[in-house]
Amino acid sequence: MQLTWVLRLTLVFTLLVILMGAYTRLSDAGLGCPDWPGCYGHIKVPIQDHEIAHAQTIFPDHDIHPEKAWLEMIHRYIAGGLGLLVLFILVLCLKTPEAPKKLPLIIMLLILFQAALGMWTVTMKLMPIVVMSHLIGGFSLISLLLLLYLRTRPRRIFNSETHARNLAPLALVSLFVLVGQIMLGAWTSSNYAALACTALPICEGNWVDNLAIAEAFSPFQGQHHSFEFGVLDYPARMTIHIAHRIGAIVTASLLLVLAYRLFVGAAGMRALSLLLVGLVILQVSLGISNVVMHLPLGIAVSHNGGAALLLLTLVAINYFLWRKA
């Protein structure tokens, strides 16, 4: 029982870390502190005159913006708390005979790697491949935590639900497609391409003749003093944005098909199918709102949260369909 409640708390905490990370990134505060794990050589944001003078001595090329620095440090504090929760979960699982052992260990290793990615995000000055990996790591972490939570709450799928089991391959394909779309979204955000196209449904102008696929999806973009605000030319950013939009159409269509098949063919999963439909509609609406309203901060952060909830729903669906009775 204790493990179940700790896992619930950790899932909520992980979602908070994801949302706070998105808020920090979208507020252009990813380099609010130019060092790691402290901030300008302090454990907290320097606000006293002598602290600011010391920080300017250590980092003479950086202007101190306390509001951005606090966003970055709050994100780090919350992430540190999440690390302690994951460590506590690992200890509980090792002490509980019937609890899984390998999965919590994998989760612990993942969060350590996430900490390293957080450091590299700062030291490599928001290099897109690192920023994207950090975001995907957060989504992977919350997915594995949900999987661990589901494994602590056994559910039997009866043999009469064999038709539902036939939908398992479709559910798995849907999960992989969604993961690909989330990666496209992370690549769009980390390259500051969210407003590369401001017209619907695809992009304005003669976009077909201006695609730059090789440049857009090259993981390494050369040496730069900083990658903040992006280093790619407009055609490359436009290409990334268009790929994300087309991916959204494909993903939404596939998920709606899966939801319909679950609703008519798996009586025990109708609640999840309806949740999936609701989240798809919400996510598409948030995506369109980002374009029409030019990326308002609240909607952009909610778009990240919607992606996380969609992923969790697909993980749960696949767990129930693939698990043996």
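The values are calculated or read from the model by the stated rules, or taken from the named source; none is laboratory data. Computed from a prediction, not measured in an experiment: that's the story for all the values here. FYI the Cβ positions are ideal-geometry reconstructions off the backbone, even for glycines, and counts take in every protein chain you see. What goes into the accessible areas is simple: the full protein's heavy atoms, side chains included, and nothing from ligands, DNA or RNA. Shrake-Rupley method; radii C 1.70, N 1.55, O 1.52, S 1.80 Å.
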Please work out which residue is farthest from the chain's Cα centre (by Cα), limiting yourself to segment 89-145 and to residues that are within 21 Å of Arg76 (Cα to Cα) and among the small types (Gly, Ala, Ser). Ala116
Of residues in segment 3-25 being hydrophobic (A, V, I, L, M, F, W, C), under 17 Å from His134 (Cα atoms) and touching a residue at least 60 places away in the same chain (Cβ under 8 Å), the one least open to solvent (accessible area, probe 1.4 Å): Ala22
Yes or no: Thr251 surrounded by 15 or more Cβ atoms within 10 Å (Cβ to Cβ) and closer than 14 Å to Val177 by Cα? yes
Let me spell it out: the conditions are (1) open to solvent by 90 Å² or more (accessible area, probe 1.4 Å); (2) within 30 Å of Leu3 (Cα to Cα); (3) assigned to a helix (DSSP H, G or I), and Ile74 meets all of them except one. Which number is the exception? (1)
Checked segment 26-52 for anything closer than 16 Å to Gly80 by Cβ, free of Cβ contacts under 8 Å to residues at least 24 places away in the same chain, open to solvent by less than 50 Å² (accessible area, probe 1.4 Å) and in a loop (DSSP other than H, G, I, E, B); matches are Gly38
When you look at Ala55, is it out of contact with any Phe, Trp or Tyr (no Cβ under 9 Å at 6 or more places or on another chain) and open to solvent by less than 50 Å² (accessible area, probe 1.4 Å), yes or no? no
Listed by first then second residue, the pairs whose first member lies in segment 266-286 and is charged (D, E, K, R), whose partner is open to solvent by less than 80 Å² (accessible area, probe 1.4 Å), with beta carbons under 9 Å and at least 6 positions apart or on separate chains, are Arg270/Leu262
Members of segment 1-25 found to be over 30 Å from Ala99 (Cβ atoms) and either hydroxyl-bearing (Ser, Thr, Tyr) or assigned to a loop (DSSP other than H, G, I, E, B) (or both), listed by number: Tyr23, Thr24
Taking first residues from segment 100-125 that are open to solvent by less than 30 Å² (accessible area, probe 1.4 Å) and second residues anywhere that are part of a helix (DSSP H, G or I) and of a type in the set (Gly, Ala, Ser), the pairs with Cβ under 6 Å that are 6 or more apart or on different chains are Ile111/Gly83; Gln114/Gly137; Leu117/Ser133; Leu117/Gly137
One residue is enough: does segment 169-187 have a residue meeting the conditions surrounded by 20 or more Cβ atoms within 10 Å (Cβ to Cβ) and polar (S, T, N, Q)? yes
For the structure I just gave you, tell me whether Pro235 is modelled with pLDDT under 95 and surrounded by fewer than 19 Cβ atoms within 10 Å (Cβ to Cβ). no
